[in-house]
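In what follows, a structure is listed as structure tokens, so that the remarks can point back to it.
The values are calculated or read from the model by the stated rules, or taken from the named source; none is laboratory data. All values reported here derive from a predicted model rather than from experimental measurement. Virtual Cβ from ideal backbone geometry, glycine too; neighbours counted across all protein chains shown. Surface accessibility is based on the protein's heavy atoms, side chains included, excluding ligands, DNA and RNA. Shrake-Rupley method; radii C 1.70, N 1.55, O 1.52, S 1.80 Å.
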Amino acid sequence: MGNDQVLLRINLLGPLSISGLDGGDFTPRGRKSKALIAMLAVAPDGRRGRKWLQGHLWSDRQESQGSASLRQSLREIRKSLGEFSDVISADATVVSLDLSRVSLDIDQLSSSARDLAAQPGEIRDFLEGMDIRDEEFSNWLREQRAYWKDYFERLRPQARDHVDRSEATAIRRPERARLELSTEHFPGPGTDTYSTTHFSPLMGELLGSRNQSGGRVRRQAVAIAPLLNKTGDPKLEYAADGVSEDLLERMARLCWLPVIARSSTFGFRAEDRDLIAIGDQVDARYVVDGDLFLHDNIFSLRIRLTNAESGLAMWSQRFEIGRSHAGEAVDAMLSEIVGTIDSRIDVAEQRRSTDPRWINGDFDDHIWRGRWYMHKLTQQGAQVAKQHFDAAMEIIPDASEALIQMALWHLWRIWNTRGSYDEIDHVRLIAERAKMSDSTDGRGFTLVGIAETWMGQHDEAIQSLRRAIELNPSLMKAHQQLGTTLYLAGDARSAIEPLDTAIRLSPNDQHLFIQLGEMAMAQMLRGDMNKAIDYANHALLHRPNYWYAHLVRICASEELGDPDLISRAVSAFATTETRLTERHFEWVPFRDRKWIRKLRNAAESAIDRAYVIQSQSQGGANNGKAD
């Protein structure tokens with residue numbers, strides 16, 4: 001971008017602002033107009049479909065209303081930009097920002113080693129202070145903030161290294177460091193398009209997907225190196241080996257992730273072993289290793305997960321076990337270790353699948369790219385994910401992995417649309433096919449259990465879910481669904497343990513709000529209202545508009561009879577502007593339907609109270625004006 005072309009400067013880090021080269025302010029006043037500018041600024045080629053913008057800024061409105069609101073925001077932006085209004089253009093389907101005529105602070109900062117290295121403290125938040133009550137926009141903003149924070153924090157050490165070597169020139173990148181550097185378009189509803197997103201080459205390198213060691217690209221597999229005995233007692237070598245073997249056996253139950261055989265890895269016992277070399281020798285992308293210590297009769301296990309292509313550490317944690325009851329604690333520890341490794345590698349493979357260098361259109365490519373889009377929890381992401389899963393099933397129609405991902409997609413859609421009994425039964429059949437395709441994979445049994453729960457078949461579901469946990473004790477979703485099914489069946493007390501295990505197995509899961517919300521409901525049903533409110537609050541920290549957690553918080557507050565708690569719970573729910581229908585309540589498969597009535601009554605009470613609070617607030621404001 002030549003400076004002679006630049007007309008405007010757009011700052012996306014901190015509060016959004018638009019200024020001319022002479023310092024004049026061209027920032028629109030409306031929040032959604034500002035958000036629209038930001039969405040175009042980080043979009044591929046500065047272009048977004050009208051329907052995409054409507055779906056992210058006015059998702060709660062009818063299409064005609066959203067279209068009118070978009071036109072109004074575009075008029076406001078053009079008016080604000082004045083003589084430079086032609087940097088924004090729009091046709092019947094697409095809105096565009098001419099990126100050749102604007103300068104973005106995220107580009108300037110990421111392309112200048114000296115500027116980036118000199119930044120004091122943390123980089124400011126992307127669109128700092130932006131508050132728009134739209135769930136789709138909130139999801140998009142959360143993803144962007146996480147991306148740019150991670151991107152700059154990872155890039156800054158490299159920038160400082162460049163400056164230290166007196167290389168104050170730009171950190172050269174072949175293209176813009178953009179979350180959506182490379183784009184493929186898929187047809188969406190109507191005339192709009194939805195874009196797949198890929199990490200930039202530099203981002204891929206920072207995430208460890210580039211083979212920095214210069215070795216060959218390794219297969220998607222994990223090697224378990226034997227734990228090193230650092231207790232100081234050679235007689236405890238058996239303990240280190242025993243934990244190593246148990247960990248390998250547990251990892252093998254994941255089914256989706258190949259684990260290198262013991263005979264190939266247990267020879268690597270040198271203390272100075274090279275994990276990249278181990279990965280190269282056994283052809284594994286990931287290596288797990290660790291050390292066993294003993295101090296004051298307490299065993300301490302330090303475990304690590306490493307990307308063997310790049311040598312970057314992905315996770316490390318220390319566990320302590322009392323020697324007197326080691327056997328009781330090892331099982332829980334191994335479940336947590338395997339669950340965490342499962343999650344970390346899952347995320348890494350999803351990210352890798354979006355890097356253009358690894359896209360090849362094969363079965364695994366479609367599976368991983370589909371999973372990445374599903375985890376976005378958006379309608380647009382789900383549509384792209386479905387196309388990838390369909391493509392995978394065309395390649396291998398009866399593959400267990402394709403059936404599992406397709407069943408998960410259907411379950412997500414059914415939950416969001418409150419689908420019919422026939423739709424649930426259809427997805428149960430898909431899950432049964434996955435279970436028959438690989439009877440050792442606990443995920444198939446989990447999906448069957450979810451469908452059976454939603455169909456009101458609680459006893460059958462509990463059996464399926466217990467079998468899933470037998471096959472894979474680290475399967476978080478099976479523990480979570482077992483707890484949910486137990487409280488829906490009327491046994492809230494027994495639900496606490498599996499829900500607690502699910503939370504422990506997924507501390508960094510982006511969907512943790514679901515586990516926390518389920519625990520909140522279980523605590524309320526067993527009569528502990530304070531814990532119910534606490535878990536509901538934690539769920540809402542992760543997902544502010546999660547209606548289920550809001551209703552638990554309201555119900556529990558009313559049970560305690562605390563007017564202040566009730567007022568705060570109702571006010572928080574009112575700010576979400578959530579529109580609940582009768583179907584939301586009737587669809588939840590409680591065996592005892594009195595809880596359906598209780599949730600419905602709580603929602604109705606909350607709406608009535610919110611109206612009173614709002615009226616009183618407006619009345620107070622009017623009285624103030626009269627004075």
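In table form, for the structure just shown:
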read-out: Largest-first ordering by accessible area, 1.4 Å probe, given options 342, 25; value: 25, 342
read-out: Bins of 5 Å, starting at 0 and running to the largest distance - Cα pair percent for the stretch 241-395; value: 1, 8, 15, 18, 17, 14, 11, 7, 5, 3, 1, 0
read-out: Relative intensity, log₁₀ I(q)/I(0), of the stretch 406-492 from a Debye sum that treats every alpha carbon as a point, q = 0.13 Å⁻¹; value: -0.35
read-out: For the stretch 234-298, convex hull volume per residue from C-alpha positions, Å³; value: 106
read-out: Local electrostatic count, residue 85, Cβ distance below 13 Å [Lys/Arg +1, Asp/Glu -1]; value: 0
read-out: Anchor residue 594: lysines whose Cα lies under 30 Å away (excluding residues fewer than 8 positions away in-chain); value: 477, 531
read-out: 26 Å tail of the calculated P(r), the stretch 397-542, as % of Cα pairs; value: 22
read-out: Per-peptide average of other Cβ atoms within 10 Å, ordering 270-282, 523-535 highest first; value: 523-535, 270-282
read-out: Taking the convex hull of Cα positions in the stretch 494-600, its mean projected area over all directions (nm²); value: 6.7
read-out: Residue-span extension gain [residue 541 to residue 270] - 0.36 nm each, minus C-alpha spacing; value: 93.0 nm
read-out: Residues in the stretch 507-523 reached by a label modelled at residue 568 [backbone nitrogen below 18 Å; 7 Å Cα→Cβ]; value: 520
read-out: Net charge, residue 465 excluded, C-beta distance under 15 Å - Lys, Arg +1, Asp, Glu -1; value: -3
read-out: Within-11-Å neighbourhood charge of residue 340 [Cβ basis; K, R +1; D, E -1]; value: -2
read-out: Which of 259, 384 is most accessible, then next, and so on - probe 1.4 Å; value: 259, 384
read-out: Of the GluC sites (Glu not before Pro) in the stretch 504-606, those whose Cβ has at most 15 other Cβ within 10 Å and which sit in DSSP loop; value: 577
read-out: Fraction of accessible area attributable to carbon and sulfur, the stretch 372-515 (%, probe 1.4 Å); value: 52
